[in-house]
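The values are calculated or read from the model by the stated rules, or taken from the named source; none is laboratory data. All of these numbers come straight from a predicted model, not from anything done at the bench. Cβ atoms come from the backbone with ideal geometry, glycine included; neighbour counts cover every protein chain shown.
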């Protein structure tokens, strides 16, 4: 009788084990995040990408109960920081906040330490933004046409916040289409590029409203034209390149968003996406982005994956057609 009782108890315990294991796994998932979350920005501090990252991760940290530590890891046209995240443990505690350089740099450099579509799990897209071609206030030319006339036959330079970036490729494309033969100067981030543009060590550059708006409005820098199809609300008198008769390529728009390493559990991606989206709905976040002429376009994980694929394909076609490359 005692033996049967012991066997019965053992059997009951064995039957309970799967349920206990499932409950333990659920508890582990429910505990996420259980330590600070590191968010890699593959550009130096002080630029637009760093600014956007800190803007949205502050409310995310508040909602999830753990600090979000922004780690600006620049180099190799954003590929160093991006690769670090691609190789990180897929546990939701190392994330990437980046822009279209994720897909652009491997295409232009014709080498890739990661696969932008296979090595990352998109969390969400914040939106997009237009860049403005601006020149130093002492450079001749009130309009784009006047700038082109003044630049022809002279050794002008244009800057970019990163080689292989939107600023680099469209700066080069503008130089080629206008027949200017300008020299490209690549930087590791927008902050040092702006310093040289303001200081007169660069003639022009495609800059973001997030970093350069104050200088564009106070006359330190002179806006000449912007990418995209629509004029910027803060610069209604500045036309788009397309308006001025430049090729449709200048209507390009990229993405700004957050990704995790591939293999991150779906439940963690869902948690992060929900927190990210909630951050974009905060009034102070929307107000700050609007002040920067940022176009808020939230996309969830699956839609962002499609956007990454679209941007990669369209960028490859543009680079192939124009023959632009970087060493």
Failed condition for residue 146, given (1) touching a strand residue (DSSP E or B) at 6+ places or on another chain (Cβ under 6 Å); (2) part of a helix (DSSP H, G or I); (3) farther than 29 Å from residue 61 by Cβ; (4) modelled with pLDDT of 95 or more: (1)
Residues 54, 38: which one is assigned to a strand (DSSP E or B), modelled with pLDDT of 85 or more, in contact with a strand residue (DSSP E or B) (Cβ under 8 Å, 6 or more places away or on another chain) and at negative phi? 38
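Is it the case that some residue within the stretch 98-109 is in the same structural domain as residue 310 (by TED's automatic domain parsing), at positive phi and either more than 14 Å from the chain's Cα centre (by Cα) or surrounded by fewer than 22 Cβ atoms within 10 Å (Cβ to Cβ) (or both)? Don't jump to the end; show me each part of the working.
Start the filter on the stretch 98-109 by keeping residues that are in the same structural domain as residue 310 (by TED's automatic domain parsing), which leaves 98-109.
Filter once more, keeping what is at positive phi: none.
Within the stretch 98-109, not a single residue is in the same structural domain as residue 310 (by TED's automatic domain parsing), at positive phi and either more than 14 Å from the chain's Cα centre (by Cα) or surrounded by fewer than 22 Cβ atoms within 10 Å (Cβ to Cβ) (or both).
Just to be sure before I move on: is residue 159 under 22 Å from residue 252 (Cβ atoms), touching a strand residue (DSSP E or B) at 6+ places or on another chain (Cβ under 7 Å) and surrounded by fewer than 20 Cβ atoms within 10 Å (Cβ to Cβ) in the structure I sent? So that I can check it myself, show each step before the final result.
On the way: under 22 Å from residue 252 (Cβ atoms): yes; touching a strand residue (DSSP E or B) at 6+ places or on another chain (Cβ under 7 Å): yes; surrounded by fewer than 20 Cβ atoms within 10 Å (Cβ to Cβ): no.
No.
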Considering 245, 237, which residue is on the phi > 0 side of the Ramachandran plot and surrounded by fewer than 19 Cβ atoms within 10 Å (Cβ to Cβ)? 245
Of the numbered conditions (1) at pLDDT 95 or above; (2) surrounded by 22 or more Cβ atoms within 10 Å (Cβ to Cβ), residue 130 fails exactly one; give the number of that condition. (1)
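Determine, yes or no, whether residue 170 is assigned to a helix (DSSP H, G or I), assigned by TED's automatic domain parsing to the domain that holds residue 191 and crowded, with 16+ Cβ neighbours inside 10 Å. Full working, then the answer.
Details: assigned to a helix (DSSP H, G or I): yes; assigned by TED's automatic domain parsing to the domain that holds residue 191: yes; crowded, with 16+ Cβ neighbours inside 10 Å: yes.
Taking the combined requirement at face value, the residue satisfies it.
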Do you know which residues across the stretch 214-229 are exposed (fewer than 13 other Cβ atoms within 10 Å of the Cβ) and either assigned by TED's automatic domain parsing to the domain that holds residue 290 or touching a residue at least 40 places away in the same chain (Cβ under 8 Å) (or both)? 219
Flag for residue 115 being crowded, with 18+ Cβ neighbours inside 10 Å and either in a helix (DSSP H, G or I) or free of Cβ contacts under 8 Å to residues at least 40 places away in the same chain (or both): no
Of all the residues that make up the stretch 60-92, how many are buried (at least 17 other Cβ atoms within 10 Å of the Cβ), at pLDDT below 95 and on the phi > 0 side of the Ramachandran plot? 3
